[in-house]
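A quick write-up on the structure given underneath.
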Amino acid sequence: MSRFRPSPFTLMDLFAGCGGMTRGFEDTGRFRSVFAVEWDAAAAETYRRNFGDHVLAGDIKDVEEFPSADVVIGGPPCQGFSPLNMAGVGLERRELWREYLRALDEAQPSMFVMENVPELLRSAEYQEFADAARERGYEVDARILNAADYGVPQRRRRAIAIGSRIGAPAFPERTHFPPDAVGLGGTAWRTFRDAVEGLPLTPDEKNWHNSRNPRPVSLERYRTIPGEGEGRFHLAERRPDITPNCWLRKKTGSTDVFGRLWWDRPAFTIRTEFFKPEKGRYLHPSEHRPITVREAARCMTFPDDFELPADQPMTTVAKQVGNAVPPLLAQRIAETLLVQLEAADRELIAA
């Protein structure tokens, strides 16, 4: 008799986005997505093109009944928990964890994974969700993981909550470390240089490695801060005449605004507007431009064969990339879940 079940474990992705988390699970070769739901129509279309027609483009509240699945994954919208959300956008969506709970009731998975910004774990909503999951027989644990520790060329801290009905939740072991800590048995963090290897410095307009047309004043600002790691403070010192007044007045904080990345360090967190240098450290280490969508996707570990639709606007695709779970981080989590799922299968066969 086969050691493992012949077919993959079934997977359901809630709040699926474009499918970064699904891609990571499927990349193990042992998971198959059977259902997904995503309210943003463009992101749902990207998911469909990469994984098939089993995605519902609409509100999760409109799902009449969730199908059965071995594992449920997904990150409820994070805007309501993000410390960057000063305007309170999306606060009403903090309650969508209740739909996640309904999915657990109807799908009856053995395990689940919830991803979100670190602030989630300090919220009353998360505590209510975790308590309700435990009442349903799940052991629940949560940690804050840095994607760079698992081979993603990006420093991205995210809360990962795992629930299991087949044993205590386990988390992946770190595989990558800061350069001064590689003696712990792993390899050094992957860098921006690693991520963009093979891409031309001048965008070739292929597969979202596209150039943009900055305003003359923006280009002059880029040229004023040519050094790796430089940013708005250097701009203000050298050219106050082309520095926005708000930056001149604000002497502290926002240290990464208009910042250049380093070649030999991981990228900073890729957010949804990485194409705007005024939003963070998104200037190329040596070129006078912000990073491209393809470079950002590489920093997220989206493989080049993952279709980012060419017929969607750049801002729409960028939002999908920035909102995603890095596929490689998802794969490392999936591999850890597999150990428990396959052990449970073996026990069932032995019985």
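The values are calculated or read from the model by the stated rules, or taken from the named source; none is laboratory data. Values in this document were obtained by computation on a predicted structure and should not be read as measured data. FYI the Cβ positions are ideal-geometry reconstructions off the backbone, even for glycines, and counts take in every protein chain you see.
The single condition among (1) touching a Leu at 6+ places or on another chain (Cβ under 7 Å); (2) under 21 Å from G75 (Cβ atoms) that R294 does not meet is (2).
Within segment 169-199, being surrounded by fewer than 17 Cβ atoms within 10 Å (Cβ to Cβ) and either over 25 Å from the mean Cα position of the chain (by Cα) or among the charged types (D, E, K, R) (or both) holds for E173, D180, G183, L184, G185, R193, D194, E197.
Contact map, segment 108-128: first residue assigned by TED's automatic domain parsing to the domain that holds E342, second residue among the charged types (D, E, K, R) and assigned to a loop (DSSP other than H, G, I, E, B), Cβ cut-off under 6 Å, separation 6 or more or different chains; pairs are P109/D70; S110/D70; S110/R165. Which of the residues belonging to segment 155-176 are within 13 Å of W189 (Cβ to Cβ) and of a type outside the set (V, I, T)? The answer is R155, R156, R174, H176.
Please list, ordered by residue number, the helices (runs of 4 or more DSSP H) wholly in segment 258-351 having 3 or more residues that are out of contact with any Gly (no Cβ under 7 Å at 6 or more places or on another chain), acidic (D, E) and in contact (Cβ under 8 Å) with a residue 12 or more places away in the chain.
Passing ranges, in order: 327-350.
For the condition surrounded by fewer than 19 Cβ atoms within 10 Å (Cβ to Cβ) and in the same structural domain as R143 (by TED's automatic domain parsing), what is the one hit in E278, E307, E342?
E342
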